[in-house]
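Here is the structure we will look at.
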Amino acid sequence: MVRVKHRYILFEIIYPPTSNTEALPTDPNEATQFTSSERNALLTLHRASPSNINHKTILHAIRKSLQEYYGDFGSGSAGMLMTLKYFSNKTSTGIMRCGRAQFETIVAAMSLVTKIEDQNITFSCAHISGTIKKCEEFSIKRSKELMRRIDGPKGKLLTI
């Protein structure tokens, strides 16, 4: 008997600062506010997910992307072992488990998703690991770094 090996993908949902598909906002005031400081840009991109984005909608969007771009074979082979282990609406961060041979296909399909529930989004793959514990540790380290960057050069961390 052969053991099926898995990969864990730590991802983050990023919200573009626009209501259409362009890279920058169409309103000049919104564009100025977004580009005025790194803190404003980070707070705009890394905001909490609305309640209508959940486990079910994320998996549906990724499976739809797999079907659209990789066809029946790609969708069947990659989507068979794919499960969403964790997703937090407050941090817009999640951990997905998939087969070791298909993780590249799933990451590519995630990067091709642009909308979930009429909300413009972008998936950012932050880390890939063989264990869920390493993904959790990386997520904590990444969150601390993000809070440090948002707080600025003062050196103190924000608490959530």
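The values are calculated or read from the model by the stated rules, or taken from the named source; none is laboratory data. Predicted model only: the values in this text are computed from it and were never measured. Because the Cβ atoms are built from the backbone with ideal geometry, glycine has one as well, and the counts that use them run over all protein chains shown. Heads up: the accessible areas ignore ligands, DNA and RNA and are worked out on the full protein's heavy atoms, side chains in. Shrake-Rupley method; radii C 1.70, N 1.55, O 1.52, S 1.80 Å.
Points worth noting:
- Extended-chain gain in nm, criterion 0.36 nm per residue less alpha-carbon gap, Asp72 and Val4: 22.3 nm
- In straight-distance terms, cross-link reach from Lys115 covers every one of the lysines whose alpha-carbon lies under 16 Å from its own, apart from those fewer than eight places away in the same chain; here that gives Lys56, Lys64.
- Glu117 exposes around 100 Å² of accessible area when a 1.4 Å probe is run over every protein chain in place.
- When the Cα positions of Met110, Cys98, Ile62 are compared along the charge dipole of the range 53-121, Cys98 comes out farthest toward the positive end, with charges on each C-beta of Lys, Arg, Asp and Glu.
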